[in-house]
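Undergrad: Take a look at this one; I'll ask things after.
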Amino acid sequence: MKISIRQMEIFLEVAHVGHLTKVAEKLGLSQSAVSMSIKELENIIGYKLFDRINKKLALNEKGRAFAEAIAPLVTKLADIEEEFKNDENSGELLIGVSTTIADYLIPPIICDYMKAYPHVKIKLKVGNTRDIVHMIESGSIDLGFVEGHVESTAIKQEIVGLDELIIVTGNRECAENEEGYYIDTLLDKPWILREEGSGTREVFLTHLGDLASQVNLFLELSHPESIKNMLIQSGTCLSCLPRVSVMKELERNELFEVKIKKMKFERHFLLIYHKDKYKTTLLNKFIYFVRMQLGKILQR
């Protein structure tokens, strides 16, 4: 007897939910049918895949390894079925975007895309770069757009744009030095940075290298808007933020750019997806559309 796709689907659902009754209700099956499917699967493999802990089924070490092996295959088969079942210009896309991209770049792109393809439904999930990477690895989104560096053997990444990070402050006098500062002369001032896992923070600290330990970290905040407001209110703090995120505040003289000598803070905007992800025609069209629109925005 060979393992069926249906058995793998039921197994993954039980692994996710942990209760046979709930899985049965969700899949429109009887509890005995779900239980029998799991038992048959375990008989084929020759190992138990679950432990029963506190009245809930939890994957054991064999179960975790099996789930990791088959999850990409089941997802790929579902993607293929969806592509050939639906028109290439209709369907649903699950897209993850990091905070900076979500706030300052993606909204007009998504609006233009939905006007061009009204039968496509897009669900956006927002988080920092680390969050989006985890979503890709778990298969909970189709693809992601992030900043900074991604380290994961499960993920493929493509560069879709270049972003400049700048040092900003609410202190006009500090920014009036036209010759600029060497970065090490500013590190003892109070700094406000994004939270750990943020692509913006990672790029800044990576560029500092050994000097990163000298940063006087005054405050950590999870959103650029919160950082900008704190910079304006404090009048003394510094931060490293994407230029695209502070354009309005610079124009209104609410924030000021501090010029830095012999150091540029740059990063790539990345398109990321799981290495086993099957890219449908719909997904490829969306990627092409975003690439074109993002290029236009970043060239302004």
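The values are calculated or read from the model by the stated rules, or taken from the named source; none is laboratory data. Since the structure is predicted, the reported quantities are computational estimates derived from the model, not experimental observations. Note that each Cβ is placed from the backbone with ideal geometry, even for glycine, and that neighbours are counted across all protein chains shown.
Undergrad: Quick one: in the range 228-252, which of the residues that are hydrophobic (A, V, I, L, M, F, W, C) and not in a helix (DSSP H, G or I) is nearest to M263 (Cα to Cα)?
TA: Once the filter is applied, the top-ranked residue is C240.
Undergrad: Before we move on, is N177 modelled with pLDDT of 90 or more and of a type outside the set (D, E, K, R)?
TA: It is false that N177 is modelled with pLDDT of 90 or more and of a type outside the set (D, E, K, R).
Undergrad: From the list S198, S140, exactly one residue is hydroxyl-bearing (S, T, Y) and assigned by TED's automatic domain parsing to the domain that holds V290. Which is it?
TA: After ruling out the rest, the residue left standing is S140.
Undergrad: How many residues does the range 157-169 contain that are modelled with pLDDT of 95 or more and either more than 19 Å from E202 (Cα to Cα) or touching a Gly at 6+ places or on another chain (Cβ under 8 Å) (or both)?
TA: Residues that pass the stated criteria total 1.
Undergrad: On to the next question. Taking I95 and the conditions (1) part of a helix (DSSP H, G or I); (2) surrounded by 14 or more Cβ atoms within 10 Å (Cβ to Cβ); (3) in the same structural domain as I136 (by TED's automatic domain parsing); (4) not acidic (D, E), which numbered condition does it fall short on, given that it satisfies the others?
TA: Failing condition for I95: (1).
Undergrad: Does the range 147-187 hold any residues that are among the charged types (D, E, K, R), farther than 30 Å from I80 by Cα and exposed (fewer than 15 other Cβ atoms within 10 Å of the Cβ), and which are they?
TA: The answer is E164, R172, E173, E176, E178, E179, D184.
Undergrad: Return the pair list, or none, for Cβ contacts closer than 8 Å from residues in the range 16-37 that are under 18 Å from R64 (Cα atoms) to residues that are among the hydroxyl-bearing types (S, T, Y) and part of a helix (DSSP H, G or I), at least 6 apart or on different chains.
TA: L20/S35
Undergrad: I'm trying to understand the selection: among the residues of the range 244-300, which are under 22 Å from I106 (Cβ atoms), of a type in the set (D, E, K, R) and surrounded by 13 or more Cβ atoms within 10 Å (Cβ to Cβ)?
TA: E249, R267, K277, K279, K285, R291
Undergrad: Residues in the range 224-234: is at least one surrounded by fewer than 19 Cβ atoms within 10 Å (Cβ to Cβ), within 21 Å of M135 (Cβ to Cβ) and within 19 Å of the chain's Cα centre (by Cα)?
TA: For the range 224-234, residues surrounded by fewer than 19 Cβ atoms within 10 Å (Cβ to Cβ), within 21 Å of M135 (Cβ to Cβ) and within 19 Å of the chain's Cα centre (by Cα): absent.
Undergrad: Could you list all residues from the range 101-146 that are surrounded by fewer than 18 Cβ atoms within 10 Å (Cβ to Cβ), under 12 Å from the mean Cα position of the chain (by Cα) and either assigned to a strand (DSSP E or B) or at pLDDT 95 or above (or both)?
TA: L124, K125, V126
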